[in-house]
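For reference, the structure is listed below as structure tokens.
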Amino acid sequence: MPTVGVKRDLLFKALGKTYTDEEFDELCFEYGLELDEITSEKEIISREQGDSKASGASDVILYKIDVPANRYDLLCLEGLVRGLQVFKNKLEAPRYRRVSPLSGEPQKLIITEETVAVRPHAVAAVLRNITFTQERYDSFIELQEKLHQNICRKRSLVAIGTHDLDTVSGPFTYTAKPPAEISFKPLNQTKEYTATQLMSLYKTDSHLRHYLHIIEDKPLYPVIYDSNGIVLSMPPIINGDHSKITLKTKNVFVECTATDLTKAKIVLDMMVTMFSEYCSQPFTVEEAEVVYPDGKTCKYPELAYRKEKLSSDFVNRKVGINESTETIARLLTKMCLRSEVTGVGDEIEVEIPPTRSDVIHACDIMEDAAMAYGFNNIPYTTPRTYTVANQFPLNKLTELLRQDLAAAGFTEALNFALCSTEDISDKLGKKISETRAVHIANPKTVEFQVARTTLLPGLLKTLAANRKMPLPLKLFEISDVVLKDDTKDVGARNSRRFCAVYYNKSPGFEVIHGLLDRTMQLLEVKSQRGDGYHIQAAEDSTFFPGRCAEIFVGGKSVGRLGVLHPDVITRFELTMPCSAVEMDIEPFLGHPAEATLTHDVPLHEVIKHHFPSQVPNSRPTSTKTVFGDVSSAAGLKALDDFLADKSYMEGFEATQADTTMFDAIPSAPSSTFSHLLRWYNHVKSFLRERANLPSAKTQFVLEEDDDDDDDMDLFGSDDEEDSAEVEKLKEQRLAEYAAKKSKKPALIAKSSILLDVKPWDDETDMAKMEECVRSVKMEGLLWGQSKMVPVGYGIKKLQIGCVVEDEKVGTDLLEEAITAFEEYVQSVDVAAFNKI
Amino acid sequence: MSDAGLLETLLRRIEAADGGVDSLETASILGVDHQVLVGAVKSLLALEDLISAELRSSKHWELSGEGTEIAEQGSHEARVFSSIPPEGLPQSELMKLSFGKIGFSKAMSNKWIKVDKTHEGGPRIFRSVENIEDQVRDKLLLVQKGNTSQLEEKEKNELKKRKLLSEVTVKSYWITKGSCFSTTITKPETELTPEMIANGSWKEKKFKPYNFEALGVAPDCGHLHPLMKVRTQFRQIFLEMGFTEMPTNNFIESSFWNFDSLFQPQQHPARDAHDTFFISDPALAHEFPLEYLERVKKIHSEGGYGSQGYKYDWKIEEAQKNILRTHTTAVSARMLYKLAQQEKFTPVKYFSIDRVFRNETLDATHLAEFHQIEGVVADRGLTLGDLMGILHQFFTKLGITKLRFKPAYNPYTEPSMEVFSYHEGLKKWVEVGNSGVFRPEMLLPMGLPEDVTVIAWGLSLERPTMIKYGINNIRELVGHKVNLQMVYDGPICRLES
């Protein structure tokens, strides 16, 4: 937020009123400003450089006022005063006018092609017959600086140059040249320098060195010459000394060079609207002509007044107030947005002046109305939004676990997600390349080189910082680490971890192991191989050899625990043995019944939205209804009669028929139509849920006759053709899809069957029997492994597996085929049947 | 004499005595050290109302070791005098005596002796008076006999200065019978035991009184982190208000979702390396919903949906840059976009409390990462008054009822309001959060219906926590430099009180 410093007494003089600090603070608050500090030059110097330097400095009271970042029109005393005076109804917002010079041609700024590669845009204007005083001059310079720092993005987007027009002569040329070929005496220097020399001269300049990078490595530097070859400026670095502005300057040539034309126009408008106040013809600005390389010309400043129309209902509805159209127009005018009631319904025409480049949408106008109304005068209301709350399941699990881990005697730590590369690699005895770490491009210190990939270093650092605390120290943290992951749109993802450390005179592996067991108990995972959890010896350079184990849950590794390697302990400036556990907790989430939110977004839109380039007027333009034109008294009368014995247009509840009719009526009906007015106010109360109302059965509101209809008929109905084409395309697609579907091989359902084939007695030749069984051949039958299983009394049965295609081979068929070998087979049973 | 024996002896003497006994006197009669007797008195006192003892203290003068020597053998100077024969003594001989040095100078100043420095064979000492009176010894003898009162205060002090006398305070007890006096001792029980309960003996026993002034034994337990305790409360508040928690577990975000989708222009200062952490690996995001991306590009560079747009050259390269998210609103943007993809719009209330990252200058209250609390409501026809109403309800649950709103600026909300609350302690209005209505330029390209308004607010978690727990330096709260004692001692978190 930019801060503007103004002299208090000067400000009050301009405002024509003296305020106490509190009163002025209050005024600022209302207007969206903030009286940040009350100080003086003396105070500032003594604070920054010491009392000795401050002696002799001015002790005139300064107000430091914070201005919203998009209000460039409030960045100087002139603008602030104008804004506040209009707000307080003491002044009518001035109209800024662009005028042609009284005599002769306008000043010309010719842009050459060379500028394209470095700084392609330029705009210019002239302030004619201006009167400077020391204060005005200071403010003029200060505004340039404020604009440079804010909208101009430290001169990278736009740079402003102001010149004493009487010292130079047009036409001016804006070109770009190799730095060695540019030579001039820069502002406040005594001799000439080449651009190359200047760049090295300003390397040490506390102010200018910040701008050098903008053009430094370009082959050509931008430069503006007058018709005699005098350098006006070398944007965005420095002006020439020749055309320097002084208190005596009468005519000012303002140029803005830019990489962003929109911003250049805004900046130029700001400069001239703010200071044209001091011209002999206040608030007029003399135009200048900019000639482009292609010969095209443009006149600047634009000083464009744009008109927007909106309804007072829109403002009332968005703000939650109920003011008349006139009142809202009056409120907007207070905000320098001259507004008029057009008389068409509740429409207001708002004029956006060139000083209000921040107003780009109706919502900006609505905000100004709310500000003028006073935010703190708006009544509080409670929306009737009905929703059911859900917790993010991962956070819910985390919250529950944290509680019980603390109950298990461990204290929660909270460490940074960012750390040094060393913390997650060297200090843990790992290579950074193994870590999948996300690296930060612009860390200010080593503490912010990477996003952590493990919670362990943070806990070890917490131990180190608390070595004086009584032992043992038992800490835990459940938090996110960040890992690279190509499957994510951004190439990285968070992973929620649980980590705990035990620090004491003995390593206490059993304590950490016990905590793991307790955690698993909390998570309802049993200690067993297979679908439970178990730990198994592992090698890990962070841990003491032979003292590390990997944690497996359902056969998958989720983390590790063990006694830390003495080198790791030492590197974290610890002296005692320490054991630790770290594991993922996301595998324990389970499957919540509620649909889970994720931050992954669909990459292709399923729902096709209608995106008009302009928001359509929320009101239908048609006022024609079955009752006649409701913008006329006759139409309203007919409707009033209709509603005399009815609550709603249709049936016994509000429907879309009511809202459509409501929209058709331009403004609230007069009280002469009492039935209509009652209905109108009643329907108005449904506005919030209007979209949810049942649809209409009857069409009461008629389409506006379209004069173009006849012309359209010449070409037949485009609409129909369109829809026919769409229909055709759709059919075609469906056909293609069906074809594709039929070609695709249907999934073949298969089953694996285990058969028990029992022989007649112990003398049956089992080998022969198996041979017989295997001799059964069918389409879709594949025999598998077999074995002899003792049944008793020396009798064995043949257990044989097979895979069958369900559609072709049934168990009945199989049994029949096998029992056919009567001499060997006594019976066949299906021992197991599994769908594959 | 055994301890128990001493106690019984003492009790019998108290029984026999008229009125009471003096501990000092009793000790000398019984021939035990006074301290031992005092110990016995203390242990008897612990038995309720058995005896009562009144502390008495008396001062008296006592000879020091040196003083006792002098009382026996005379003062050093007197001994010097008497050791000098009439024919004198060489000074060197005198100095060999134990009292020589001290006695010599004192005897000289008393003018009892003289030195002949010219004497052949070295300096020699002679008596200079016939008789002396050893006043020091006399005075000390007086003290030794207990007739201290005959000495003047000045004299006593001088002897004290010479370390011959010392003033001793003697504390003794005047012991009398208590209301429950008895010569037999029944030792009171310290604690109730299972045996006493089983055999009922507790009924007859006397129990030692507890000292309720002392602190109890600290329980052996773990502790939750204060910031997380406050986070839990904020989550609770949102859940009470029917807000659903957003999935904010994605610290790495593309500039697209963090800025562009929020209608924050690409040249906005917040997108500078000074304020935002950019990622070098993985440097770029590679997947976007392309149709939506086109609409975002259009609204920035050309405008639309009733907006003038920013009218600049919007570049996908800028949107692709990966960063550490600077606000959780990036996730809100994703959620609102997904909401817009629903077949039919349904109102939602969302919240999140999670980490955000700013590449800012660090100080006592600013860290590079902090927790942002955010609430979002999307419904048809919401008003600014609704936002204020919800904020009022939200802050009431935090114990803040006096609110005031200041117009502010934020690239993606319009109107934007800073929320101020009246601080009773500071007697002024302080900022407690930011709020606003999301701009149509953000919502309409997502595909949300035109009559849907989205209101939102945010605040930091650290600030209320620091105020709540009275912490001035944020590093003591967050990060490894945390003061664990503070974590151990932290109370439960009740925000409303």
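Neighbour counts of other C-beta atoms within 10 Å: give me B:Glu253, A:Glu287 arranged from fewest to most.
Final ranking by Cβ density, sparse to dense: A:Glu287, B:Glu253.
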Placed amide H near B:Gly433: partners under 5 Å, 5+ positions off or other chain:
B:Val419
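I need A:Cys548, A:Cys578, B:Cys180 ordered by Cβ neighbour count within 10 Å, fewest first.
In order of increasing Cβ crowding within 10 Å: B:Cys180, A:Cys548, A:Cys578.
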Taking the Cβ of each residue in A:Cys76, A:Cys772 as the centre, tally the other Cβ atoms inside 10 Å and list the residues starting with the fewest.
A:Cys772, A:Cys76
Using Cα atoms only, what is the angle between the long axis of helix B:290-301 and the major principal axis of chain B, expressed in degrees (0 to 90) to the nearest 10?
80
Rounded to the nearest 10 degrees, what's the angle between the helix A:766-775 long axis and the longest principal axis of chain A, both from Cα atoms, 0 to 90?
50
Going by the alpha-carbon gyration tensor, a ≥ b ≥ c the square roots of its eigenvalues, is region A:45-121 rounded (a/c under 1.5) or, if a/c is not under 1.5, prolate (a/b greater than b/c) versus oblate?
oblate
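Semi-axes of region A:332-396's equivalent ellipsoid from the Cα gyration tensor, sqrt of 5 times each eigenvalue, largest first, rounded to whole Å?
Rounded to whole Å, the semi-axes are 36, 16, 13.
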Helix B:329-340: inclination vs chain B longest Cα principal axis, degrees, rounded to 10, gives 30
Taking Rh as the Kirkwood radius, which is the inverse of the mean 1/r over Cα pairs, what is the Rg/Rh value for region A:16-167?
1.02
Could you work out how far apart the two model spin labels at B:Asn199 and A:Ser674 are, taking each label as a point 7 Å from the Cα in the direction of the beta carbon, and quote it in nm?
10.1
Of all the Cα-Cα pairs you can form in region B:341-445, what percent are over 21 Å apart?
48
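So what is Rg over Rh here for region B:278-426, counting just Cα atoms and using Kirkwood for Rh?
Result for region B:278-426 is an Rg/Rh of 0.99.
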Along principal axes, Cα extents of region A:205-261, largest first, whole Å
36, 28, 23
For region A:192-200, Karplus-derived ³J(HN,Hα) couplings (6.51, -1.76, 1.60; θ = phi - 60°; whole Hz; x for glycine and proline) come out as 7, 10, 7, 4, 4, 5, 4, 4, 7
Scalar couplings 3J(HN,Hα) for region A:26-35 by Karplus 6.51 cos²θ - 1.76 cosθ + 1.60 (θ = phi - 60°), nearest whole Hz, x for Gly and Pro, are 5, 4, 4, 4, 4, 8, x, 10, 9, 6
For region A:298-436, convex hull of alpha carbons as volume per residue, Å³
294
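Seen from all sides and averaged, what is the projected area of the convex hull of the Cα atoms in region A:469-570, in nm²?
Averaging across all directions leaves 8.4 nm² for the Cα convex hull.
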How high is the FRET efficiency from B:Gln150 to B:Ser64, r the C-beta distance, R0 25 Å, rounded to 0.05?
0.80
If one computes the Cα centroid of region A:116-168 and of region B:10-70, what distance in Å separates the two points?
99
Karplus-derived 3J(HN,Hα) from phi for region B:122-134 (6.51 cos²θ - 1.76 cosθ + 1.60, θ = phi - 60°), whole Hz, x at Gly and Pro, runs x, x, 10, 10, 10, 5, 10, 10, 7, 10, 10, 10, 7
Scan around A:Tyr221 for amide H atoms under 5 Å from its own, H built in the peptide plane at 1.01 Å from N, and keep only partners 5 or more places away or cross-chain.
A:Lys177
Sort out for me the Cα centre separation of region A:192-223 from region B:429-476, rounded to whole Å.
42
What whole number of Å gives the distance from the Cα centroid of region A:490-522 to the Cα centroid of region A:83-111?
70
Projected area, mean over directions - chain A, Cα convex hull, nm²:
62.5
Cα-based Debye curve of region B:386-497 sampled at q = 0.17, 0.19 Å⁻¹ gives log₁₀ I(q)/I(0) of -0.91, -1.02
At what distance in nm do the modelled label points of A:Val60 and A:His591 sit from each other, each positioned 7 Å from its Cα along Cα→Cβ?
7.7
Need one number: the % of Cα-Cα pairs in region B:122-214 sitting beyond the 18 Å mark.
73
Dipole magnitude (debye, nearest 20) for region A:14-144, charges at Cβ of Lys, Arg, Asp, Glu:
940
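Quick note: the coordinates plus some simple rules give every number you see, no bench work behind them. These figures come from a predicted structure and were not determined experimentally. With ideal geometry, Cβ positions are generated from the backbone for all residues, glycine too; neighbour counts draw on all protein chains shown.
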